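The values are calculated or read from the model by the stated rules, or taken from the named source; none is laboratory data. The model shown is predicted, which means the values in this text are computed figures rather than measured ones. Cβ: placed from backbone, ideal geometry, glycine included. Neighbour counts: every protein chain shown. We work out accessible area using only protein heavy atoms, side chains counted, and drop any ligands, DNA or RNA first. Shrake-Rupley method; radii C 1.70, N 1.55, O 1.52, S 1.80 Å.
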Amino acid sequence: MNRFTLVPAALAVALILPAAAAAKGPSEASITGGGLGKTIKIGGNGEMSGTPLGNLTTEAGFFPAAFGQSPDPMLPARPSGNLGQKLTIHYVVPGPNSSTFRITQDVYPYARNGAVTYMKPGQPIFDMTTRGGWFRAWDLKRTLVRQGLPARAPGGSSGANIALLAGIGIPGALALAGAAIFFRRRTTG
């Protein structure tokens, strides 16, 4: 390799390295809230799709919400309607000189029209702050279910609600029937 080939190669490497460092993704994530009853922890490489953490960051819109992206996939505003239970993803992002950034993102996996996430703008990451915003996360619920999220919202509509209603309704109906019999006997006797 001669000097004329080596210099452009060295310049290319020098230009690529800062860009790669700026796009550093999370090394771990934990998911809490929404009646989960347990914390879901996901470790690994948040930049590599096909890994549990990589799939989470991609499908939750971590990179466009944290750094911005063109074209911009972020929603213009909060989606309308009931979003269901809120969970929170706590990301750990390794930085330079052994620094660590902690970024949070709300996730609504049970939203009526499909999962959405929200990252608060202005969270410190590297030498900038997060862009933030709402993101439509079409495949996120399926990924979270693979990691231990219940397929249906915890505490949502279930047989337990019917049992509670029956538990209150049946004794109430019996009390009314007993009162009706009592008053009927009093008026006839």
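Take the Kirkwood radius over Cα pairs of region 20-132, plug it into Stokes-Einstein at 25 °C and 0.890 mPa s, and you get 169 µm²/s for translational diffusion. Cross-link partners of Lys24 among aspartates and glutamates, defined as those whose alpha carbon lies under 15 angstrom from its own and excluding same-chain residues fewer than eight positions apart: Glu47, Asp127. Under a cut-off of 18 Å between alpha-carbon atoms, report the aspartates and glutamates in cross-link reach of Lys41, not counting same-chain residues fewer than 8 places apart. Lys41 reaches Glu28, Glu59, Asp106.
Taking all protein chains as they are arranged and a probe of 1.4 Å, the heavy atoms of Ser70 leave approximately 110 Å² accessible to solvent. With K and R counted +1 and D and E -1, the other residues having a Cβ less than 10 Å from that of His90 yield a net charge of +1. Computed extension gain for Met128 through Val145, at 0.36 nm per residue and net of the alpha carbon distance, reaches 2.9 nm.
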